[in-house]
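The values are calculated or read from the model by the stated rules, or taken from the named source; none is laboratory data. For clarity, every value in this text was computed on a predicted model and none was experimentally measured. Neighbour counts are summed over all protein chains in view; Cβ atoms, including those assigned to glycine, are modelled from backbone coordinates with ideal geometry. When the accessible area is computed, the model is the full protein with side chains, heavy atoms only, and any ligands, DNA or RNA have been set aside. Shrake-Rupley method; radii C 1.70, N 1.55, O 1.52, S 1.80 Å.
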Amino acid sequence: MEQLRTFLEVVRLGGVRRAAQSLNVTQPAVSARIKGLEESLGVALFERRGAGLTLTKRGDMLVRYAEQFETLAEQVTATIIAPEGIERQLRLGVAETVAQSWLPDFVAALHQHFPKVGIEMNVDVSTNLREQLLDREIDLAVLLGPVSEASVANILLPGFEMAWYVAAGVTMPDDPAALIGAHPVITYARNTRPHRELKQALFDRVGPGVQVFTSSSLSACFRMVEAGLGVAALPRALGTDAERRGLLRTFDPGWLPVPLQFTASYVGDPKSHVVETAARLALEVAVRHGGR
């Protein structure tokens, strides 16, 4: 079955290198599995042309049978094997906003449901997570979504409401809106959705002269605001503790950026009981966390 799975990954991803990344094995291991499958069947499955691989007629026929085996194996996993008996690796890609809020509860729920499933975690910006998901370098991405690809399933998660923050020691003017423009606005990294939307809102509401500081680190954004280097619209759920400790305070300029909308996204083909269950658990944990 491992040889057939490897064969399908090479077919779906178009090469040994990407299949090795997806399966979390070395390229020689992938090549050895394909060679072993060809030897056991007594046929060539690929024509090797330079750096590329093309299915032979026999290889093309095998794809259909391999997919049937894969579907059957997935049905056995989903309906016969108890969750505590499933062994595999689950590769998670998570945006920092989620990593700083309900990720620990999510990992705990996953481990409780699938005790023998190993979990690899990567925290990155959503644009990178999207590419990693489509390249099958991760199994499940919790990111600013949805991912608009036919192959990807998206589960909508509760959004993160935003709030405007300023350092507690900054003198509050009569009109709080004056803080925007009088101080740099600290925000998410360039080429991210929150950055683009905030830049447009600042242009429309304040004008083109607002100075913007960007950071790929959400925690760094909070620290810079605490240090009095600027103001920022950041997730309210993550600023509550600093506000309670007297490091930050909120202000109301009369408008807020739209809430951050996340999805639990995964490639739907081939089906994976573990990945689909993980996505549903992400929703359950996010809803529970939002109700606190």
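Just checking, which of Gly181, Gly207, Gly169 is farther than 16 Å from Ala95 by Cβ, in a helix (DSSP H, G or I) and among the small types (Gly, Ala, Ser)?
Values: Gly207 fails: in a helix (DSSP H, G or I); Gly169 fails: in a helix (DSSP H, G or I).
The unique qualifying residue is Gly181.
Quick check on my filter: what residues within segment 189-204 are part of a loop (DSSP other than H, G, I, E, B) and either touching a strand residue (DSSP E or B) at 6+ places or on another chain (Cβ under 6 Å) or more than 15 Å from Val258 (Cβ to Cβ) (or both)?
Within segment 189-204, the subset part of a loop (DSSP other than H, G, I, E, B) is 189-192.
The answer is Ala189, Arg190, Asn191.
Mind listing whichever residues of segment 264-281 are under 20 Å from Ser148 (Cβ atoms) and touching a Phe, Trp or Tyr at 6+ places or on another chain (Cβ under 9 Å)? Before the answer, list the steps.
Taking segment 264-281 as the starting set, the residues that turn out to be under 20 Å from Ser148 (Cβ atoms) are 264-269, 275-276, 279.
Of everything in segment 264-281, those that are under 20 Å from Ser148 (Cβ atoms) and touching a Phe, Trp or Tyr at 6+ places or on another chain (Cβ under 9 Å) turn out to be Val275, Glu276, Ala279.
Conditions first: (1) of a type outside the set (A, V, I, L, M, F, W, C); (2) within 22 Å of Ser216 (Cα to Cα); (3) touching a residue at least 40 places away in the same chain (Cβ under 8 Å); (4) open to solvent by less than 60 Å² (accessible area, probe 1.4 Å). Gln132 passes all but one, so which condition is the exception?
(3)
Quick one: in segment 10-55, of everything that is in a helix (DSSP H, G or I) and of a type in the set (Gly, Ala, Ser), which residue is modelled with the lowest pLDDT?
Restricting to residues being in a helix (DSSP H, G or I) and of a type in the set (Gly, Ala, Ser), the top hit is Ser22.
Can you pull out every residue in segment 106-121 that is at pLDDT 95 or above and either surrounded by fewer than 16 Cβ atoms within 10 Å (Cβ to Cβ) or in contact with a Cys (Cβ under 9 Å, 6 or more places away or on another chain) (or both)?
Ala108
Look at Gln200 and say whether it is open to solvent by 20 Å² or more (accessible area, probe 1.4 Å), among the polar types (S, T, N, Q) and in contact with a His (Cβ under 9 Å, 6 or more places away or on another chain).
Details: open to solvent by 20 Å² or more (accessible area, probe 1.4 Å): yes; among the polar types (S, T, N, Q): yes; in contact with a His (Cβ under 9 Å, 6 or more places away or on another chain): no.
For Gln200, the condition - open to solvent by 20 Å² or more (accessible area, probe 1.4 Å), among the polar types (S, T, N, Q) and in contact with a His (Cβ under 9 Å, 6 or more places away or on another chain) - is not met.
Go through segment 251-283 and give me each residue that's open to solvent by 50 Å² or more (accessible area, probe 1.4 Å) and in contact with a helix residue (DSSP H, G or I) (Cβ under 7 Å, 6 or more places away or on another chain). Spell out the reasoning first.
Kept after step one, since they are open to solvent by 50 Å² or more (accessible area, probe 1.4 Å), are these residues of segment 251-283: 252, 254, 256, 258-259, 261, 269, 271, 280, 283.
Result: Asp252, Gly254, Val258, Lys271.
Part of a strand (DSSP E or B) and open to solvent by 10 Å² or more (accessible area, probe 1.4 Å): which single residue out of Ile186, Ile155 fits that description?
Numbers: Ile186 fails: open to solvent by 10 Å² or more (accessible area, probe 1.4 Å).
The match here is Ile155.
If a residue must be without any contact (Cβ under 8 Å) to a residue 40 or more places away in the chain and open to solvent by less than 40 Å² (accessible area, probe 1.4 Å), how many such residues does segment 212-241 contain? Break it down into steps so the answer makes sense when it comes.
Of the residues in segment 212-241, the ones without any contact (Cβ under 8 Å) to a residue 40 or more places away in the chain are 212-215, 220-221, 223-224, 240-241.
Within this subset, residues satisfying the condition of being open to solvent by less than 40 Å² (accessible area, probe 1.4 Å) are 212, 215, 220-221.
Residues in segment 212-241 being without any contact (Cβ under 8 Å) to a residue 40 or more places away in the chain and open to solvent by less than 40 Å² (accessible area, probe 1.4 Å): 4 in total.
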